[in-house]
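Report on the structure given below.
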Amino acid sequence: MRKTTLITGGAGYIGSHTVVRLVEAGHRVLVLDNLSNSCVESIARLEQLTRSQIEFIEGDIRDPLLLDEIFSAYAIDAVVHFAGLKAVAQSVRKPMEYYANNVVGTLFLCQAMARAHVFNLVFSSSATVYGEPARTPIDEALGTGKPANPYGRSKLMTEELLTDLARSDSRWNIALLRYFNPIGAHESGLIGEAPNGVPNNLLPCLTQVAIGRAGELTVYGNDYATVDGTCVRDYIHVSDLAEGHLKALERLHGDHGIHIWNLGTGIGYSVLQIIRGFEDVTGISIPYRFAARREGDIAQCWADASKAGRELGWSAQRNLGQMLTDSWRWQSNNPHGYHAPIAPLLAVAGK
Ligand code: NAD
Ligand code: UD1
(Lines give C-alpha, C1' and ligand atoms only; values in the text may rest on other atoms or scores of the structure.)
(Ligands and ions follow the chains in the order given, each with its own letter.)
Protein backbone atom coordinates (compact mmCIF):
# COMPACT_ATOMS: atom_id res chain seq x y z
CA MET A 1 0.00 0.00 0.00
CA ARG A 2 1.32 3.46 -0.87
CA LYS A 3 2.35 5.60 2.11
CA THR A 4 -0.23 8.24 2.88
CA THR A 5 -0.16 11.53 4.77
CA LEU A 6 -3.34 12.21 6.74
CA ILE A 7 -4.29 15.88 6.63
CA THR A 8 -6.80 16.85 9.31
CA GLY A 9 -8.62 20.09 8.49
CA GLY A 10 -7.41 19.78 4.88
CA ALA A 11 -10.57 21.41 3.47
CA GLY A 12 -9.78 24.65 5.32
CA TYR A 13 -7.66 27.63 4.41
CA ILE A 14 -4.08 26.60 5.24
CA GLY A 15 -4.79 22.86 4.96
CA SER A 16 -6.06 23.15 1.38
CA HIS A 17 -2.93 25.01 0.25
CA THR A 18 -0.79 22.37 1.93
CA VAL A 19 -2.70 19.59 0.16
CA VAL A 20 -1.80 21.20 -3.18
CA ARG A 21 1.88 21.46 -2.28
CA LEU A 22 2.11 17.89 -0.95
CA VAL A 23 0.39 16.44 -4.00
CA GLU A 24 2.70 18.46 -6.28
CA ALA A 25 5.64 17.00 -4.36
CA GLY A 26 4.38 13.47 -4.98
CA HIS A 27 2.78 12.67 -1.63
CA ARG A 28 -0.41 10.65 -1.40
CA VAL A 29 -2.81 12.50 0.89
CA LEU A 30 -6.04 11.74 2.71
CA VAL A 31 -8.13 14.65 4.00
CA LEU A 32 -10.21 14.30 7.18
CA ASP A 33 -12.44 17.31 7.90
CA ASN A 34 -15.80 17.76 9.62
CA LEU A 35 -16.58 20.77 7.38
CA SER A 36 -17.44 22.91 10.42
CA ASN A 37 -15.56 25.83 8.86
CA SER A 38 -15.22 24.74 5.24
CA CYS A 39 -17.20 22.99 2.54
CA VAL A 40 -16.79 20.12 0.17
CA GLU A 41 -16.47 22.53 -2.76
CA SER A 42 -12.92 23.22 -1.62
CA ILE A 43 -12.11 19.53 -2.24
CA ALA A 44 -13.56 19.86 -5.77
CA ARG A 45 -11.33 22.88 -6.34
CA LEU A 46 -8.32 20.91 -5.06
CA GLU A 47 -9.08 18.17 -7.57
CA GLN A 48 -9.31 20.75 -10.33
CA LEU A 49 -6.06 22.35 -9.27
CA THR A 50 -4.03 19.17 -8.80
CA ARG A 51 -5.72 17.31 -11.66
CA SER A 52 -5.99 14.31 -9.39
CA GLN A 53 -8.54 12.68 -7.14
CA ILE A 54 -8.29 13.88 -3.55
CA GLU A 55 -9.31 11.25 -1.03
CA PHE A 56 -11.65 12.89 1.47
CA ILE A 57 -13.47 11.65 4.56
CA GLU A 58 -16.03 13.85 6.27
CA GLY A 59 -15.61 13.26 9.98
CA ASP A 60 -14.35 14.52 13.30
CA ILE A 61 -10.96 14.06 14.93
CA ARG A 62 -12.82 13.42 18.20
CA ASP A 63 -14.33 10.20 16.80
CA PRO A 64 -11.93 7.41 17.94
CA LEU A 65 -13.73 4.65 16.03
CA LEU A 66 -13.51 6.59 12.79
CA LEU A 67 -9.83 7.32 13.42
CA ASP A 68 -9.11 3.61 14.02
CA GLU A 69 -10.91 2.73 10.77
CA ILE A 70 -8.88 5.30 8.86
CA PHE A 71 -5.56 4.15 10.30
CA SER A 72 -6.34 0.53 9.50
CA ALA A 73 -7.60 1.21 5.96
CA TYR A 74 -4.69 3.41 4.83
CA ALA A 75 -0.91 3.08 5.16
CA ILE A 76 -0.61 6.38 7.02
CA ASP A 77 2.92 7.27 8.04
CA ALA A 78 2.44 10.92 9.08
CA VAL A 79 -0.27 13.35 10.10
CA VAL A 80 -0.39 17.06 9.34
CA HIS A 81 -2.86 18.39 11.87
CA PHE A 82 -4.76 21.59 10.98
CA ALA A 83 -8.21 20.67 12.34
CA GLY A 84 -9.36 23.08 15.00
CA LEU A 85 -11.27 26.26 15.71
CA LYS A 86 -9.55 29.62 15.28
CA ALA A 87 -11.89 32.58 15.85
CA VAL A 88 -10.52 34.53 18.80
CA ALA A 89 -13.71 36.41 19.75
CA GLN A 90 -15.80 33.24 19.52
CA SER A 91 -13.30 31.46 21.78
CA VAL A 92 -14.05 34.01 24.51
CA ARG A 93 -17.79 33.26 24.25
CA LYS A 94 -17.43 29.48 23.83
CA PRO A 95 -14.19 28.43 25.54
CA MET A 96 -15.27 24.81 26.08
CA GLU A 97 -15.73 24.32 22.31
CA TYR A 98 -12.19 25.56 21.78
CA TYR A 99 -10.66 23.31 24.41
CA ALA A 100 -12.75 20.34 23.19
CA ASN A 101 -11.81 20.79 19.53
CA ASN A 102 -8.26 21.99 19.82
CA VAL A 103 -6.90 20.28 22.93
CA VAL A 104 -9.09 17.18 23.38
CA GLY A 105 -9.26 16.71 19.60
CA THR A 106 -5.47 16.59 19.41
CA LEU A 107 -5.38 14.19 22.38
CA PHE A 108 -7.79 11.78 20.62
CA LEU A 109 -5.81 12.06 17.42
CA CYS A 110 -2.51 11.26 19.16
CA GLN A 111 -4.05 8.30 20.98
CA ALA A 112 -5.31 6.89 17.68
CA MET A 113 -1.91 7.49 16.08
CA ALA A 114 -0.19 5.61 18.90
CA ARG A 115 -2.64 2.68 18.56
CA ALA A 116 -1.71 2.56 14.86
CA HIS A 117 2.04 3.01 15.52
CA VAL A 118 2.15 6.29 13.59
CA PHE A 119 4.47 8.76 15.29
CA ASN A 120 5.12 11.59 12.81
CA LEU A 121 3.05 14.70 13.45
CA VAL A 122 3.14 18.28 12.16
CA PHE A 123 1.00 20.60 14.28
CA SER A 124 -0.46 24.03 13.43
CA SER A 125 0.56 26.30 16.24
CA SER A 126 0.57 30.07 16.30
CA ALA A 127 2.70 33.04 17.27
CA THR A 128 -0.11 33.69 19.74
CA VAL A 129 1.71 31.31 22.16
CA TYR A 130 4.35 34.03 22.70
CA GLY A 131 1.74 36.34 24.24
CA GLU A 132 3.04 39.89 24.62
CA PRO A 133 6.64 39.35 23.47
CA ALA A 134 9.51 40.78 25.51
CA ARG A 135 11.41 41.49 22.29
CA THR A 136 11.08 41.55 18.52
CA PRO A 137 11.95 39.84 16.29
CA ILE A 138 10.64 36.79 18.11
CA ASP A 139 12.81 33.69 18.02
CA GLU A 140 11.92 30.27 19.37
CA ALA A 141 14.31 30.66 22.32
CA LEU A 142 12.16 33.47 23.70
CA GLY A 143 9.87 30.96 25.40
CA THR A 144 6.11 31.07 25.51
CA GLY A 145 4.12 33.79 27.24
CA LYS A 146 0.54 34.31 28.33
CA PRO A 147 -1.88 34.18 25.37
CA ALA A 148 -4.70 36.71 25.80
CA ASN A 149 -7.70 34.48 25.02
CA PRO A 150 -8.99 30.87 25.14
CA TYR A 151 -8.00 30.26 21.50
CA GLY A 152 -4.40 31.19 22.26
CA ARG A 153 -4.41 29.18 25.47
CA SER A 154 -5.77 26.14 23.60
CA LYS A 155 -2.75 26.37 21.27
CA LEU A 156 -0.33 26.69 24.17
CA MET A 157 -1.96 23.76 26.04
CA THR A 158 -1.73 21.63 22.91
CA GLU A 159 1.94 22.49 22.48
CA GLU A 160 2.53 21.43 26.10
CA LEU A 161 0.55 18.20 25.63
CA LEU A 162 2.62 17.34 22.54
CA THR A 163 5.90 18.24 24.24
CA ASP A 164 5.09 15.95 27.18
CA LEU A 165 4.14 13.19 24.75
CA ALA A 166 7.40 13.45 22.80
CA ARG A 167 9.41 13.46 26.03
CA SER A 168 7.60 10.38 27.29
CA ASP A 169 8.19 8.21 24.23
CA SER A 170 11.14 8.65 21.89
CA ARG A 171 9.28 7.18 18.93
CA TRP A 172 7.39 10.46 18.47
CA ASN A 173 8.60 13.00 15.92
CA ILE A 174 6.61 16.19 16.33
CA ALA A 175 6.90 19.59 14.65
CA LEU A 176 5.23 22.61 16.25
CA LEU A 177 4.92 25.20 13.49
CA ARG A 178 4.26 28.67 14.87
CA TYR A 179 2.62 30.68 12.12
CA PHE A 180 2.69 34.44 12.16
CA ASN A 181 -0.16 36.10 10.14
CA PRO A 182 -1.16 33.98 7.15
CA ILE A 183 -2.73 35.88 4.24
CA GLY A 184 -2.89 35.49 0.45
CA ALA A 185 -4.31 32.67 -1.61
CA HIS A 186 -3.20 30.21 -4.25
CA GLU A 187 -2.08 32.10 -7.36
CA SER A 188 -4.78 30.32 -9.43
CA GLY A 189 -7.53 32.14 -7.53
CA LEU A 190 -9.27 28.77 -7.03
CA ILE A 191 -8.69 28.30 -3.32
CA GLY A 192 -8.41 30.82 -0.50
CA GLU A 193 -9.73 31.86 2.87
CA ALA A 194 -13.51 31.57 3.15
CA PRO A 195 -14.38 32.25 6.77
CA ASN A 196 -17.90 31.40 7.92
CA GLY A 197 -19.73 34.37 9.41
CA VAL A 198 -18.33 37.83 10.00
CA PRO A 199 -14.57 38.03 9.45
CA ASN A 200 -12.29 39.46 12.16
CA ASN A 201 -8.84 39.27 10.63
CA LEU A 202 -7.44 42.23 8.76
CA LEU A 203 -7.27 40.91 5.19
CA PRO A 204 -10.79 39.42 5.02
CA CYS A 205 -12.14 42.68 6.53
CA LEU A 206 -10.19 44.76 4.04
CA THR A 207 -11.29 42.76 0.98
CA GLN A 208 -14.91 42.97 2.17
CA VAL A 209 -14.57 46.76 1.87
CA ALA A 210 -12.89 46.42 -1.54
CA ILE A 211 -15.78 44.38 -2.96
CA GLY A 212 -18.30 46.83 -1.50
CA ARG A 213 -19.79 44.57 1.13
CA ALA A 214 -18.63 46.91 3.89
CA GLY A 215 -18.44 50.70 3.63
CA GLU A 216 -15.16 51.27 5.44
CA LEU A 217 -12.42 49.48 7.32
CA THR A 218 -12.12 50.04 11.04
CA VAL A 219 -8.50 50.46 12.08
CA TYR A 220 -8.12 49.50 15.73
CA GLY A 221 -5.82 52.01 17.37
CA ASN A 222 -3.51 54.69 15.97
CA ASP A 223 -1.65 55.49 19.16
CA TYR A 224 0.72 52.52 19.42
CA ALA A 225 4.46 53.10 19.64
CA THR A 226 5.01 51.92 16.08
CA VAL A 227 6.08 53.41 12.77
CA ASP A 228 2.72 55.17 12.21
CA GLY A 229 0.76 54.42 15.38
CA THR A 230 -1.03 51.34 13.99
CA CYS A 231 -0.19 47.73 14.88
CA VAL A 232 2.62 45.93 13.10
CA ARG A 233 2.45 42.24 12.13
CA ASP A 234 4.45 39.70 10.14
CA TYR A 235 2.15 38.73 7.26
CA ILE A 236 3.10 35.54 5.43
CA HIS A 237 1.77 34.11 2.17
CA VAL A 238 -0.24 30.93 2.75
CA SER A 239 1.64 29.17 -0.07
CA ASP A 240 4.93 29.87 1.73
CA LEU A 241 3.36 28.31 4.83
CA ALA A 242 2.37 25.28 2.75
CA GLU A 243 5.99 24.91 1.64
CA GLY A 244 7.05 25.06 5.31
CA HIS A 245 4.77 22.10 6.08
CA LEU A 246 6.28 20.08 3.25
CA LYS A 247 9.81 20.78 4.54
CA ALA A 248 8.85 19.98 8.14
CA LEU A 249 7.18 16.74 7.08
CA GLU A 250 10.18 15.61 5.08
CA ARG A 251 12.50 16.46 7.96
CA LEU A 252 10.43 14.46 10.47
CA HIS A 253 10.95 11.17 8.69
CA GLY A 254 14.00 9.66 10.34
CA ASP A 255 14.17 12.31 13.07
CA HIS A 256 12.82 12.19 16.60
CA GLY A 257 11.70 14.43 19.44
CA ILE A 258 9.96 17.77 19.40
CA HIS A 259 10.90 20.60 17.06
CA ILE A 260 9.67 24.17 17.09
CA TRP A 261 9.88 26.40 14.05
CA ASN A 262 8.59 29.92 13.51
CA LEU A 263 7.09 30.44 10.07
CA GLY A 264 7.13 34.14 9.22
CA THR A 265 8.89 36.47 6.81
CA GLY A 266 10.83 38.47 9.40
CA ILE A 267 9.28 41.70 8.10
CA GLY A 268 6.62 43.70 9.91
CA TYR A 269 4.00 45.90 8.23
CA SER A 270 1.60 48.30 9.93
CA VAL A 271 -2.14 48.29 9.27
CA LEU A 272 -1.79 51.54 7.30
CA GLN A 273 1.04 50.06 5.23
CA ILE A 274 -1.21 47.10 4.40
CA ILE A 275 -4.03 49.43 3.33
CA ARG A 276 -1.69 51.47 1.11
CA GLY A 277 -0.06 48.33 -0.30
CA PHE A 278 -3.49 46.95 -1.19
CA GLU A 279 -4.49 50.22 -2.86
CA ASP A 280 -1.24 50.17 -4.86
CA VAL A 281 -1.66 46.65 -6.25
CA THR A 282 -5.41 46.84 -6.91
CA GLY A 283 -6.00 50.52 -7.68
CA ILE A 284 -8.99 50.37 -5.32
CA SER A 285 -9.32 53.01 -2.66
CA ILE A 286 -10.05 51.70 0.86
CA PRO A 287 -11.94 54.13 3.09
CA TYR A 288 -11.05 53.64 6.75
CA ARG A 289 -11.59 55.20 10.13
CA PHE A 290 -9.65 54.92 13.35
CA ALA A 291 -11.32 53.35 16.38
CA ALA A 292 -10.19 52.43 19.88
CA ARG A 293 -7.60 49.72 20.36
CA ARG A 294 -8.96 46.15 20.10
CA GLU A 295 -8.74 44.23 23.36
CA GLY A 296 -5.90 41.71 23.42
CA ASP A 297 -3.93 43.28 20.54
CA ILE A 298 -0.20 43.73 20.96
CA ALA A 299 1.61 46.70 19.39
CA GLN A 300 3.98 44.82 17.16
CA CYS A 301 5.52 41.47 16.43
CA TRP A 302 7.47 39.84 13.70
CA ALA A 303 9.41 36.62 13.45
CA ASP A 304 12.99 35.62 13.51
CA ALA A 305 12.50 32.62 11.23
CA SER A 306 16.19 31.86 10.78
CA LYS A 307 15.90 28.54 12.66
CA ALA A 308 13.55 27.23 9.95
CA GLY A 309 16.07 28.54 7.41
CA ARG A 310 18.97 26.68 9.00
CA GLU A 311 17.20 23.45 9.89
CA LEU A 312 14.60 23.09 7.13
CA GLY A 313 16.13 25.07 4.29
CA TRP A 314 12.90 27.08 4.30
CA SER A 315 12.30 30.79 3.95
CA ALA A 316 9.32 32.79 2.76
CA GLN A 317 9.63 33.65 -0.93
CA ARG A 318 6.62 35.83 -1.66
CA ASN A 319 6.55 39.55 -0.93
CA LEU A 320 3.72 41.73 0.34
CA GLY A 321 2.65 42.73 -3.20
CA GLN A 322 2.15 39.07 -4.12
CA MET A 323 0.26 38.37 -0.90
CA LEU A 324 -2.15 41.24 -1.51
CA THR A 325 -2.54 40.55 -5.24
CA ASP A 326 -3.35 36.90 -4.55
CA SER A 327 -5.77 37.76 -1.72
CA TRP A 328 -7.60 40.08 -4.06
CA ARG A 329 -7.68 37.63 -6.99
CA TRP A 330 -9.28 35.01 -4.75
CA GLN A 331 -11.79 37.41 -3.24
CA SER A 332 -12.80 39.07 -6.51
CA ASN A 333 -13.13 35.74 -8.37
CA ASN A 334 -15.11 34.25 -5.46
CA PRO A 335 -17.07 37.03 -3.76
CA HIS A 336 -19.14 34.40 -1.94
CA GLY A 337 -16.25 32.14 -1.11
CA TYR A 338 -17.01 28.56 -2.09
CA HIS A 339 -20.77 29.09 -1.99
CA ALA A 340 -21.22 29.90 -5.64
CA PRO A 341 -20.38 28.34 -8.97
CA ILE A 342 -16.76 28.66 -9.97
CA ALA A 343 -16.34 32.09 -11.55
CA PRO A 344 -15.33 32.06 -15.22
CA LEU A 345 -11.87 30.90 -14.14
CA LEU A 346 -10.54 34.36 -14.82
CA ALA A 347 -7.27 33.78 -13.14
CA VAL A 348 -6.43 30.22 -14.08
CA ALA A 349 -4.73 31.29 -17.26
CA GLY A 350 -1.80 29.10 -18.06
CA LYS A 351 -3.02 26.24 -15.87
P1 NAD B 1 -9.78 26.82 8.86
O2 NAD B 1 -10.91 27.01 9.78
O3 NAD B 1 -9.89 27.36 7.48
O4 NAD B 1 -9.41 25.27 8.76
C5 NAD B 1 -9.58 24.38 9.84
C6 NAD B 1 -10.34 23.17 9.29
O7 NAD B 1 -10.51 22.23 10.35
C8 NAD B 1 -11.74 23.53 8.77
O9 NAD B 1 -11.89 23.02 7.47
C10 NAD B 1 -12.70 22.86 9.76
O11 NAD B 1 -13.89 22.43 9.13
C12 NAD B 1 -11.85 21.71 10.28
N13 NAD B 1 -12.18 21.24 11.63
C14 NAD B 1 -12.37 22.00 12.74
N15 NAD B 1 -12.61 21.21 13.80
C16 NAD B 1 -12.55 19.92 13.36
C17 NAD B 1 -12.70 18.67 13.99
N18 NAD B 1 -12.98 18.56 15.30
N19 NAD B 1 -12.59 17.55 13.24
C20 NAD B 1 -12.33 17.64 11.91
N21 NAD B 1 -12.18 18.81 11.26
C22 NAD B 1 -12.28 19.94 11.99
O23 NAD B 1 -8.48 27.43 9.59
P24 NAD B 1 -7.03 27.70 9.02
O25 NAD B 1 -6.83 29.16 8.94
O26 NAD B 1 -6.77 26.86 7.82
O27 NAD B 1 -6.17 27.18 10.26
C28 NAD B 1 -5.68 25.86 10.31
C29 NAD B 1 -4.97 25.65 11.63
O30 NAD B 1 -3.93 26.64 11.75
C31 NAD B 1 -5.87 25.83 12.84
O32 NAD B 1 -5.50 24.87 13.80
C33 NAD B 1 -5.55 27.23 13.31
O34 NAD B 1 -5.77 27.39 14.68
C35 NAD B 1 -4.07 27.33 12.98
N36 NAD B 1 -3.63 28.72 12.79
C37 NAD B 1 -4.28 29.52 11.90
C38 NAD B 1 -3.86 30.85 11.74
C39 NAD B 1 -4.58 31.77 10.79
O40 NAD B 1 -4.40 33.00 10.90
N41 NAD B 1 -5.36 31.28 9.84
C42 NAD B 1 -2.76 31.33 12.47
C43 NAD B 1 -2.11 30.47 13.35
C44 NAD B 1 -2.55 29.15 13.50
C1 UD1 C 1 -5.28 37.32 15.40
C2 UD1 C 1 -5.40 36.74 16.78
C3 UD1 C 1 -4.38 35.63 16.94
C4 UD1 C 1 -4.56 34.58 15.84
C5 UD1 C 1 -4.48 35.28 14.49
C6 UD1 C 1 -4.77 34.32 13.37
C7 UD1 C 1 -6.27 38.51 18.23
C8 UD1 C 1 -5.95 39.42 19.36
N9 UD1 C 1 -5.23 37.77 17.78
O10 UD1 C 1 -3.98 37.88 15.25
O11 UD1 C 1 -4.54 35.02 18.19
O12 UD1 C 1 -3.54 33.59 15.93
O13 UD1 C 1 -5.45 36.34 14.42
O14 UD1 C 1 -6.11 33.94 13.35
O15 UD1 C 1 -7.37 38.44 17.78
N16 UD1 C 1 -7.18 45.07 12.39
C17 UD1 C 1 -7.80 46.27 12.12
N18 UD1 C 1 -9.06 46.23 11.59
C19 UD1 C 1 -9.72 45.06 11.33
C20 UD1 C 1 -9.07 43.82 11.62
C21 UD1 C 1 -7.79 43.87 12.15
O22 UD1 C 1 -7.24 47.35 12.34
O23 UD1 C 1 -10.87 45.10 10.88
C24 UD1 C 1 -5.80 45.11 12.93
C25 UD1 C 1 -5.69 44.46 14.29
O26 UD1 C 1 -5.95 45.39 15.31
C27 UD1 C 1 -4.25 43.98 14.25
C28 UD1 C 1 -3.94 43.73 12.77
O29 UD1 C 1 -4.98 44.39 12.05
O30 UD1 C 1 -3.43 45.03 14.69
C31 UD1 C 1 -3.96 42.26 12.43
O32 UD1 C 1 -5.18 41.70 12.96
P33 UD1 C 1 -5.63 40.19 12.69
O34 UD1 C 1 -5.61 39.92 11.22
O35 UD1 C 1 -6.91 39.97 13.41
O36 UD1 C 1 -4.46 39.33 13.31
P37 UD1 C 1 -3.83 39.36 14.79
O38 UD1 C 1 -4.60 40.21 15.71
O39 UD1 C 1 -2.38 39.63 14.66
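The values are calculated or read from the model by the stated rules, or taken from the named source; none is laboratory data. Computed from a predicted model, the values in this text were never measured in an experiment. Heads up, the Cβs are rebuilt from the backbone with ideal geometry, glycines too, and the neighbour counts pull from every protein chain shown. What goes into the accessible areas is simple: the full protein's heavy atoms, side chains included, and nothing from ligands, DNA or RNA. Shrake-Rupley method; radii C 1.70, N 1.55, O 1.52, S 1.80 Å.
Return the long-range amide H neighbours of Ile76 (sequence gap of 5 or more, or a different chain), with a cut-off of under 5 Å between placed amide H atoms.
Thr4
Using the Cβ atoms and a cut-off under 9 Å, what net charge is assigned to the surroundings of Ala305, where Lys and Arg are +1 and Asp and Glu are -1?
With Lys, Arg at +1 and Asp, Glu at -1, the neighbours total -2.
Quick one: work out Rg over Rh on the C-alpha atoms of the stretch 33-149, Rh as Kirkwood radius.
1.02
Counting only protein chains, not ligands or nucleic acids, how are Leu176, Leu320 ordered by accessible area (probe 1.4 Å), most first?
The most accessible residue leads, giving Leu320, Leu176.
For a quick check of understanding: with a 1.4 angstrom probe and all protein chains in place, what accessible area in square angstrom does Ser36 have, to the nearest ten?
Number for this one is 70 Å².
Kirkwood Rh over alpha-carbon pairs of the stretch 189-323, then Stokes-Einstein at 10 °C and 1.306 mPa s: what D in µm² s⁻¹, rounded to an integer?
Calculated translational D: 95 µm²/s.
Quick one: helix 64-73 against the long Cα principal axis of the chain, what's the angle to the nearest 10°, folded into 0 to 90?
70
Return the distance in nm (one decimal) between the two label points of a simple spin-label model at Arg171 and Ile286, each offset 7 Å from Cα along Cα→Cβ.
For Arg171 paired with Ile286, the spin-label model returns 4.9 nm.
So if I take the centroid of the Cα atoms in the stretch 233-295 and the same for the stretch 33-56, what is the distance between those two points in Å?
Cα centroid to Cα centroid, the span is 23 Å.
When only alpha-carbon atoms are used, what values of Rg and Dmax, in angstrom, describe the chain?
19.4, 59
Would you mind checking the tilt of helix 238-252 against the longest principal axis of the Cα atoms of the chain, expressed as 0 to 90 degrees and rounded to 10?
Approximately 20 degrees, to the nearest ten.
Sum up the charges of everything whose Cβ sits under 10 Å from the Cβ of Leu246, counting Lys and Arg as +1 and Asp and Glu as -1, but leave Leu246 out.
0
Tilt of helix 150-168 relative to the longest C-alpha principal axis of the chain, in degrees (0 to 90, nearest 10)?
Here the helix axis deviates by roughly 30 degrees.
Would you kindly work out the equivalent ellipsoid of the stretch 115-214 from its C-alpha gyration tensor and give its semi-axes, the square roots of five times the eigenvalues, largest first in whole Å?
31, 19, 12
Can you give me the Cα centroid spacing of the stretch 163-187 and the stretch 62-110 in angstrom?
That distance is 14 Å.
With labels modelled as points extended 7 Å from the Cα through the Cβ direction, what inter-label distance (nm, one decimal) is found for Tyr220 paired with Gln317?
In this crude spin-label approximation the distance works out to 3.4 nm.
Give me the dipole magnitude in Debye, nearest 20, for the chain about the Cα centre, with unit charges on the beta carbon: positive for Lys and Arg, negative for Asp and Glu.
100
Distance in nm between label sites at Arg93 and Arg310, each 7 Å beyond Cα in the beta-carbon direction?
The two pseudo-label positions are separated by 4.5 nm.
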